[in-house]
Amino acid sequence: MKPIHQRMAELWTIQTSRKLSSFEEQEMTNCMIMNAKYCWELAHLENQSLLASMTADVAWQHEVCLNIDQLTS
């Protein structure tokens with residue numbers, strides 16, 4: 001789990017009991033933007049991995065998997 005996911009969960013939990021401050025709302029927006037970018041990048045890499053697998057390009061697939069590991073760790 002990335003720190004942005006932890007902070008987003010924290011802010012979501014806070015907003016269940018009170019209104020977020022304007023600073024917290026901006027933080028939530030920033031977290032959601034970063035999360036969307038993260039999700040799109042991961043989806044892109046997963047699609048590349050699938051293409052590499054379908055074309056039997058083992059070297060490319062290993063490279064893509066390394067990129068996935070770097071992104072998700």
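Stretching the chain fully between Thr13 and Tyr38 yields a gain of 6.9 nm (0.36 nm per residue, less the alpha carbon separation).
With the Cα gyration tensor of the chain giving a ≥ b ≥ c as the square roots of its eigenvalues, does the rule (a/c under 1.5 for rounded; else a/b larger than b/c for prolate; else oblate) give rounded, prolate or oblate? It is prolate, given that a/c is not under 1.5 and a/b is the larger ratio.
A simple rule links phi to the HN-Hα coupling: the Karplus curve 6.51 cos²θ - 1.76 cosθ + 1.60 with θ = phi - 60°, which for region 36-53 gives 4, 4, 4, 5, 5, 5, 5, 4, 4, 5, 5, 5, 4, 4, 4, 4, 4, 5 Hz, with x for Gly and Pro. Extending 7 Å from the Cα toward the beta-carbon at both Thr55 and Ser21 defines two label points whose distance is 5.1 nm.
A short reminder: the numbers here are calculations on the coordinates, not readings from a lab. In this text the structure is predicted, and so the values were computed from the model without any measurement. Ideal geometry is used to build each Cβ from the backbone, glycine not excepted, and the neighbour counts take in all protein chains shown.
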